[in-house]
Amino acid sequence: MPKSDYTRLRQRIRSLRLTQQSISKAIGLSESHFCHKLQGKYVFNEREIRQLCWLLNIPQAEIGSYFFCY
């Protein structure tokens, strides 16, 4: 599994003054599982990515920079 870097995603969550707890609840994950995903232990699936983009107002053109390493 490729290494993921969710630093930009974490920064977006902080800039909107949201918590990992509130985000995890909104997308239907336990807080610990969401934290593991942010740590790169698991990858986000398509549904989770769509929900996060909606919650965090991430434009479609920027999805790659938040969820995928190039």
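For segment 1-35, the set of trypsin sites (Lys or Arg not before Pro) satisfying both a DSSP loop assignment and a count of at most 10 other C-beta atoms within 10 Å is given as K3, R17. Dipole of the chain computed with +1 at Lys/Arg Cβ and -1 at Asp/Glu Cβ about the Cα centre; of L52, T19, F67, farthest Cα towards the positive end is T19.
Near L18, no amide H atom lies under 5 Å from its own; only residues 5 or more places off or on other chains count, and H is placed 1.01 Å from N. Once the chain from F68 to S22 is taken as fully extended at 0.36 nm per residue, the excess over their C-alpha distance is 14.3 nm. Computed with a 1.4 Å probe over protein heavy atoms only, the accessible surface of the chain comes to 68 Å² per residue. Each peptide in 55-64, 28-37 was scored by the mean count of other Cβ atoms within 10 Å over its residues; highest first, the order is 28-37, 55-64. Element breakdown for the chain at a 1.4 angstrom probe: carbon and sulfur atoms account for 52% of the accessible area.
The values are calculated or read from the model by the stated rules, or taken from the named source; none is laboratory data. Predicted model only: the values in this text are computed from it and were never measured. Neighbour counts run over all protein chains shown; Cβ positions are idealised from the backbone, glycine included. What goes into the accessible areas is simple: the full protein's heavy atoms, side chains included, and nothing from ligands, DNA or RNA. Shrake-Rupley method; radii C 1.70, N 1.55, O 1.52, S 1.80 Å.
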